[in-house]
Amino acid sequence: MVQHGTGVNSNRAFPTNGYPANLDPFVLFERFYIDPDKGFPMHPHRGFEIVSYMIDGGMEHEDSLGVSHTAYEGDTMRITTGGGIRHSEFPADGAACNGLQLWVNLPREKKEIDADYVDANGEDLPVADVGGATVKTVVGDGSPIELHTPMEYLDVRVDDAWTWSVDEGWSGFLYGVSGSGTVDGNEFGEGDVLPLTEGRDVTVETESGLRVVAVSGEPHDEPIRQRGPFVL
């Protein structure tokens, strides 16, 4: 568990002491937990994109573009920080919240593009029953959320078995949101992460239910130079 300076706690998948490297094109991924009296006051970012996806409760977002929006369970927000943006994040309605936050590197030629913001309600995200699992597409085919990096972000509720196919040449990771099961025969549950540095098929199985997020993308093949809230 990582504790931020504001007192916000997070379960960080990477980078960590156990997995110190960034996973090109991905800079950071974590599950955050914000108590009612905590949060992130206005602070700067630049050089990457942020995808925040809510698991429980609501989170209020305000930024230097003039945007003010509250995202609730199943909703998502994407910020392109580009050449620079400031924003704040606080729990809504006087209640705690938690969600997932992903940082995606911007390619070198887009580091200084104009900052941008977009959000989507949970009902705007496509959902498919694939027989053995229900798959919601947070980023990818049919989703209104797009990034400057070709990628896919899936929220998957597995009730039997599901095969995740990662495109050749792409990297990615699988993260356990809740429940328990196995991934390629190995035990896997809440807070577990499986990083992938090359495309392949991954088999997820469960008897009692397992919710995972599956994220993959095309690497930029460029160094990721993270300096706190900036990716240079």
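Over the chain, calculate the relative contact order: mean separation of alpha carbon pairs under 8 Å at least 6 apart, over the residue count, as a percent.
It comes to 19 percent, rounded to a whole number.
From Cα pairs below 8 angstrom and at least 6 apart in sequence, can you work out the relative contact order of the stretch 73-158, rounded to a whole percent?
Value for the stretch 73-158: 31 percent.
How high is the FRET efficiency between N121 and D167 when r is their beta carbon distance and R₀ equals 35 Å, given to the nearest 0.05?
The value I calculate is 0.80.
What are the ³J(HN,Hα) couplings of the stretch 153-159, residue after residue, when phi is run through the Karplus curve with 6.51, -1.76, 1.60 and θ = phi - 60°? Round to Hz, x for glycine and proline.
Each residue of the stretch 153-159 in turn: 9, 10, 9, 10, 9, 9, 10 Hz.
Cβ under 11 Å from N98's Cβ, N98 left aside: what net charge do those residues give with Lys, Arg +1 and Asp, Glu -1?
-3
Count charges around P126 for me, please; just the other residues with Cβ under 9 Å from its Cβ, Lys/Arg as +1, Asp/Glu as -1.
Net local charge, P126 excluded: -1.
With θ set to phi - 60°, apply the Karplus curve 6.51 cos²θ - 1.76 cosθ + 1.60 along the stretch 25-32 and write out the HN-Hα couplings as whole Hz, x wherever there is a Gly or Pro.
x, 8, 8, 7, 8, 7, 9, 9
With a 1.4 Å probe and all protein chains left in place, how much accessible area per residue does the chain have, in Å²?
44 Å²
Given L196, P219, S208, which one lies farthest toward the positive end of the charge dipole of the stretch 186-232, if we put +1 on the Cβ of every Lys and Arg and -1 on the Cβ of every Asp and Glu?
Among L196, P219, S208, the one farthest towards the positive end of the dipole of the stretch 186-232 is P219.
Write down, largest first, the equivalent ellipsoid semi-axes of the stretch 11-140 in whole Å, where each equals the square root of 5 times an eigenvalue of the alpha-carbon gyration tensor.
22, 20, 17
For every other residue with a beta carbon closer than 10 angstrom to the beta carbon of T137, add +1 if it is Lys or Arg and -1 if Asp or Glu, then tell me the sum.
So the environment of T137 carries a net charge of -2.
Can you give the three extents of the C-alpha atoms in the chain along their principal axes, from longest to shortest, in whole Å?
Projected onto its principal axes, the Cα set of the chain covers 45, 42, 36 Å.
Percent of accessible area on the chain owned by carbon and sulfur, 1.4 Å probe?
Carbon-and-sulfur percentage of accessible area, whole number: 43.
The values are calculated or read from the model by the stated rules, or taken from the named source; none is laboratory data. What you are looking at is a predicted structure, and each value in this text was computed from that prediction instead of being measured. Cβ atoms come from the backbone with ideal geometry, glycine included; neighbour counts cover every protein chain shown. Heads up: the accessible areas ignore ligands, DNA and RNA and are worked out on the full protein's heavy atoms, side chains in. Shrake-Rupley method; radii C 1.70, N 1.55, O 1.52, S 1.80 Å.
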